[in-house]
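Undergrad: My questions all concern the structure below.
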Amino acid sequence: MVSLNVIQTKLEILYVSPFFIKHSLLRKLRLFVQTSGTHKVIKSVYLCITNYLKNMIKSMTGYGRIQVESEKANITIEVKTLNSKQLDINCRIPASYKENELEIRNLINTKLRRGKVDCFINIEVTTENEAPEINTELVEYYYKQIKSLSNKLKLDSTDDVLGDILRFPDIFKTQNGELDQETWKKTKEGLMNAIDLVDEFRITEGKVLEADFILRINNILSLLERIAPFESERINNIKARIKTNLNRQEEIDVDENRFEQELIFYMEKLDITEEKIRLNKHCEYFLETIGAELSSGKKLIFIAQEIGREINTIGAKANDADIQRIVVLMKDELEKIKEQLFNIL
């Protein structure tokens, strides 16, 4: 049965999300859960929340730790994730879990999708019959090898190496190498809970990054609006500069009509209206993608690249110190976005 505490935790995540405010149905779920205590209602609400959370922007950084108990052992499960282009799963599990490794990987793959994932499972046996025994034959073999090497190298003593030998692989052997079903069932439940904790951690981190992205995109749009007052002055300054340079050439006879035609042609090449429109559209698309149901870090990276192209083109065409200062500020905001985008799922 899904506990009310788990649902309350997920509701807390939703309640502080800007997107949550727009959805009256989700806003009512908190009161609905508090006033309804049946298993069927709780499960329905839980599934609704879980499906919504799957579509929120997420960081690839996460951590979850769970401890579970069975009749024969205490099991500690840790899952931590970092950013990576693909899903890279590293499992450090006891030998008795090897036959279940594929299922462990499938559980991780289903929920976490992308990133570098480290999964640690540690089992402490609590019954004497299941406790591991020291492999004395292997210990003696290692000791003889070390003693022989010590004599050959003329080292003083090998009396203190036993503790080191006990940390070697396969020194401890279990009476029954197979994992019983009850322990595996508890481990599987614990692993799923640990993955859920990682997912919640990712969502919490994602909210922080989402707020930062929205702030910086809005900063870029604000800076874009600041360009407009300089545009008409920029054109006049360019015209004046060209005329001044021509007037310095006394021996050149200038056809005013032809000069105006060439000047118009030149001004068209320096016009940044299209770049401003495209930049505005790219920024709006970036914000739409963040709020979309299936937000993708890779897609956001591609949009950020297009934003960068338009900013660079405006800077190249600007031919004006004031506009180029604004372009530098826009580039600074964009770079801060790009730094974090590689950590988005």
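The values are calculated or read from the model by the stated rules, or taken from the named source; none is laboratory data. On a predicted model such as this, the values are computed, not experimentally measured, just so you know. Neighbour counts run over all protein chains shown; Cβ positions are idealised from the backbone, glycine included.
Undergrad: Which residue, of Ile301, Ile307, is assigned to a helix (DSSP H, G or I) and buried (at least 20 other Cβ atoms within 10 Å of the Cβ)? If you could, list the steps in order and put the result at the bottom.
TA: Working: Ile301 fails: buried (at least 20 other Cβ atoms within 10 Å of the Cβ).
The match here is Ile307.
Undergrad: All but one of (1) at pLDDT 85 or above; (2) surrounded by 15 or more Cβ atoms within 10 Å (Cβ to Cβ); (3) in contact with a helix residue (DSSP H, G or I) (Cβ under 8 Å, 6 or more places away or on another chain) hold for Gly115; which doesn't?
TA: It fails just one condition, (3).
Undergrad: Let me ask something else about it. Would you mind finding the one in Ile217, Ile195, Ile227 that is at pLDDT 90 or above and under 14 Å from Ala318 (Cβ atoms)? Spell out how you get there, then give the answer.
TA: On the way: Ile217 fails: under 14 Å from Ala318 (Cβ atoms); Ile195 fails: under 14 Å from Ala318 (Cβ atoms).
None of the other options fit; the residue is Ile227.
Undergrad: Given the residues Lys80, Lys58, which is the only one that is in contact with a helix residue (DSSP H, G or I) (Cβ under 6 Å, 6 or more places away or on another chain), surrounded by 15 or more Cβ atoms within 10 Å (Cβ to Cβ) and either charged (D, E, K, R) or modelled with pLDDT of 90 or more (or both)? Please lay out each step first, then the result.
TA: Values: Lys80 fails: in contact with a helix residue (DSSP H, G or I) (Cβ under 6 Å, 6 or more places away or on another chain).
After ruling out the rest, the residue left standing is Lys58.
Undergrad: Something else about it: Step by step: first the residues of the range 62-77, then only those that are modelled with pLDDT of 90 or more and surrounded by fewer than 20 Cβ atoms within 10 Å (Cβ to Cβ), then the one that is farthest from Phe201 (Cα to Cα). Which residue is that?
TA: Applying the filter and picking the extreme gives Val68.
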